[in-house]
Structures are given as C-alpha cells and as structure tokens.
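Data block below; observations after.
Taken together, the values in this text are just the output of simple stated rules run on the coordinates, not laboratory data. In this text the structure is predicted, and so the values were computed from the model without any measurement. Cβ placement follows ideal geometry from the backbone for every residue including glycine, while neighbour counts extend to all protein chains displayed.
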Amino acid sequence: MKVHVEIDCTPEEARAFLGLPDVSKANAVYVDTVTKAMKGVTSPDQLQDIAKSIAPMGQMGLKMFQNFVEGSMAAGGALKPKPKGKTD
C-alpha cells in the first residue's frame, strides 16, 4: 500500500512544525559579511583566502564540504574513476 501526503505550507511554517530554529537573522549576518568581504576581490587566490577565513571551521570545514560534494557526485555517477594505469 502506498500513501501520498501533500503538505502546503511556507518554509517558516515547516520549520516551526519540525521544531527547527529560525536562523534567518544569523544567515543575514553571514551573507552581509561575505558580501562586504567580496568587495575588492581581484583574483581567485584572494577569493580562496577570504573563503577560508569566513567559512565555518575554516580550512577543515571547506575540506569536509569538498569531500561531501565529491562523494555525492561519485555516488550519483557524475565522477567516474579513472582506469588503473591511465593518467591525464
């Protein structure tokens, strides 16, 4: 037996229903900080340095996020392992 339930609610209502905290104020501060930091960035190296300094948990957080994205892509078949013995 299959049951299909459709709930029509706003993100705020869903968050309250699930008991999740409202992080909109913290998100606004984070976005404002990133926006201010991005002004005057002229090279990818500067951008990377800024990202490392404002990212949660710094370098370790960025590495964890990178591993998560790469793992998700590999699980979805987007990344195919290279055959053994072949190099680019």
For LYS63 and VAL29, calculate 0.36 nm times their separation in residues minus their Cα-Cα distance, and state this gained length in nm to one decimal. 9.9 nm
Spatially proximal aspartates and glutamates relative to LYS39 (Cα-Cα < 19 Å; intrachain offsets below 8 disregarded): ASP49
Sites LYS52 and PHE17 - FRET efficiency at Förster radius 30 Å, r taken between beta-carbons, to 0.05: 0.25
